[in-house]
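The values are calculated or read from the model by the stated rules, or taken from the named source; none is laboratory data. It should be emphasised that the depicted structure is a prediction, and the values quoted were computed from it without experimental measurement. Every residue, glycine as well, gets a Cβ built from its backbone with ideal geometry; the counts of neighbours run over all protein chains shown. Ligands, DNA and RNA are stripped out before the accessible areas are found, and what is left, the full protein with its side chains, is counted by its heavy atoms. Shrake-Rupley method; radii C 1.70, N 1.55, O 1.52, S 1.80 Å.
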Amino acid sequence: MSGPGGRAALALLGLALPGLLQARPRYEPTWGSLDARPLPAWFDEAKFGVFIHWGVFSVPSFGSEWFWWYWQKEKREPYVKFMDTNYPPGFSYEDFGPLFTAEFFDANQWADILKASGAKYVVLTSKHHEGFTLWGSKYSWNWNAVDVGPKRDLVAELATSVRNRTDLHFGLYHSLFEWFNPLFLEDATNAFKTRKFPTSKSLPELYEIVTKYQPEIIWSDGDGNAPDSYWNSTGFLAWLYNDSPVRDTVVTNDRWGAGSICAHGGFYTCSDRYNPGHLLPHKWENCMTIDRSSWGYRRDAQLPDYLTIEDLVKQLAETVSCGGNLLMNIGPTHDGRIAVVFEERLRQVGAWLKVNGEAIYGTKPWRAQNDTVTPGVWYTFSPEEGKVNAIFLNWPVSGILELGEPQPKLGETQVKLAGYKELLKWVALGERGMVIALPQLTPQQMPCQWGWTLQLTDVERRAEQKNGIEIGGQLKGKKNIFQ
C-alpha cells in the first residue's frame, strides 16, 4: 500500500486499532466480574442440545452411572448382589476399564443421528466422577480411553465428525472431583486446606481439553462439596473468557464449587431435571434424561423407564417457553452403540422440529408462558417475524381451541397452523381471549404428531385490549366457526 490514499488508510487503521483492541473486556477472577460477561447469543438461540453420558460405567450398565460409588462406597444391596452374581471374587472397578471397548463406535453415525435430532449442540462426558478420560490425558495415566479399552481418542473422533458433518456446537462435560482419587481424598481430609488434586489433575485437564478440542460449552459438574476457591474456578474462567481459543463463543454452566450452582457462572442448571414451569430472570438449562432413572446406559431398563416422545415434546415446549434450553441425555453402550430406543426418540424430536422449529429456535419468551384457559398450551415469541407461537399438546376432539391469553385484532390478526397452508378462522372473545377453528384433518393429513403450533400475528396479550367481541377471518358470526 503506497501513495497518499494508502497512507491515509493506514492512518485511519492506526486510529481504529486502539478502539478495536479495547473492545474486548478483560474479566477479573472474581464472580462479580465473570458473572457480568454476556452469554454468547448462539446459546439462547439454539434451545435444544443432546447430552451424552459415556464411560467405564457403561460396562456394568446396571443401575446408574454412579455404579462404582453405590457398589464400593455405599454398598447398596442390588449393586453388591449384581457383582457377586456376575463377576469373580476380587474383581475391581478398574477391571471394567479394558472391557470399555467401543468397537462399534462410529463417530460419523453418531453425528448423523445428532443432526437428525434437530439439536443445535452436543455435550459429551469427557470425564465423569470415576476419573476415566475419553481422551488420552497426560494427567490421567493408564486410566483413559487411549491407554485402556478402546485405545482411541473418543473426544477427538466425535468432535471431528460433529464439526465436519453438522452445524452443532461441540461441548464437553467435565467432572471437577473424582470419587476415589487419593489426592482428592487427602485434600478432603484436610478440609480442602491443601489443593493437591486440583493443581495436579482437575485444572490441568480443563486447560488441556479447551486447548486441544476448543469446545464451545464447558459443562462443569461434581464439586465434591469443595468451595470454588479450592478449585480455582474463577481463575480458570477468567483465562477461558480472556485468553482461551474459544473466549468469544464459549458458554459455561453454574457448577464450579459448593454454593455456585444457580448463583454464578454462565447459564444456570440449578439441579438435574430442573424445570421450574415459570419464567426465570437468568438464562437456564433443563438437563434431563430419556431414561427416567439413569444418565448412563442400563441393560436392565424396561420400556416404561423411557420417556415417550409426547413427554419429550412437552418438556421442550415448557422449557423454551420459560426461557430455558433443553439438554436431552442419552447413554451409549460400552461398545459404542446408541441404543435404538434413544435413536428413535432423537429422530422423532427432529421430525417434530422440522415442522415446529420456528416456534423453538431463536425465540424469546412471550408475556405469558402458558395459557390460562386451556391446559397444555405454551407460548413463545418470534421477534423477527413478530409472531406469537402457541404450542398445544392436545388436539381437541371438537376441533375448537380456546386460548385465554392472546387478544386478536379485527382485520389484522392472522392464525396459521405450522405445516398447513390455509389461514385458520377465529372469533375474539373480548377479554376472554379467542377461539380458533382447527382444520378437519385425517391422521395422515396432520402436519406432525405429538404437538402442534399456531402462529399468531398482530395479537396482544389479554387485558391489554378493549372489551367487546370481535370477529376474525371471514366470519360474520360466532356460530360460523363451528360449521
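Determine which aspartates and glutamates satisfy two conditions relative to residue 138: a Cα distance under 14 Å, and not lying fewer than 8 residues away in the same chain.
Counting by Cα, and skipping residues close in sequence, residue 138 has these aspartates and glutamates nearby: 147, 153, 205, 208.
Rounded, prolate or oblate for segment 364-460? Axes are the square roots of the Cα gyration tensor eigenvalues, ordered a ≥ b ≥ c, and the cut-off for rounded is a/c under 1.5.
rounded
By the gyration tensor of its Cα atoms, with a ≥ b ≥ c the square roots of the eigenvalues, what is the shape of segment 219-378: rounded for a/c under 1.5, prolate for a/b over b/c, or oblate?
oblate
Evaluate the relative contact order of the chain (contact order divided by residue number), counting alpha-carbon pairs under 8 angstrom at least 6 apart; express in whole percent.
15
Report, in listed order, any pair from 75/212; 47/127; 193/283; 151/283 with a Cα-Cα distance greater than 27 Å.
Going by Cα-Cα distance, 75/212; 193/283; 151/283 fall outside the 27 Å limit.
Could you give me the ³J(HN,Hα) list for segment 294-302, computed from phi with Karplus coefficients 6.51, -1.76, 1.60 and θ = phi - 60°, whole Hz, x at Gly and Pro?
Listing the rounded values in order: 8, 8, x, 5, 10, 5, 8, 5, 9 Hz.
Can you say what percent of the DSSP beta bridges in the chain, counting only those with both residues inside, are antiparallel? Round to 5.
Within the chain, antiparallel bridges account for around 50 percent of the total.
Among 108, 451, 179, whose Cα sits farthest toward the positive end of the charge dipole of the chain (+1 at Cβ of Lys/Arg, -1 at Cβ of Asp/Glu, about the Cα centre)?
451
So who's got an amide H within less than 5 Å of the one on residue 256, skipping anything under 5 residues away but keeping other chains? H placed 1.01 Å off N, in plane.
261
Lone cysteines in the chain, going by a 4.7 Å Cβ-Cβ cut-off?
Within the chain, the cysteines lacking a partner Cβ under 4.7 Å are 287, 322, 448.
Quick one: with all protein chains in place, what share of the accessible area of the chain is carbon or sulfur, to the nearest percent (1.4 Å probe)?
After summing per-atom areas, the C and S share lands at 52 percent.
Mind checking the alpha-carbon convex hull of segment 290-361 and giving the volume per residue in Å³?
It comes to 92 Å³ per residue, whole-number rounded.
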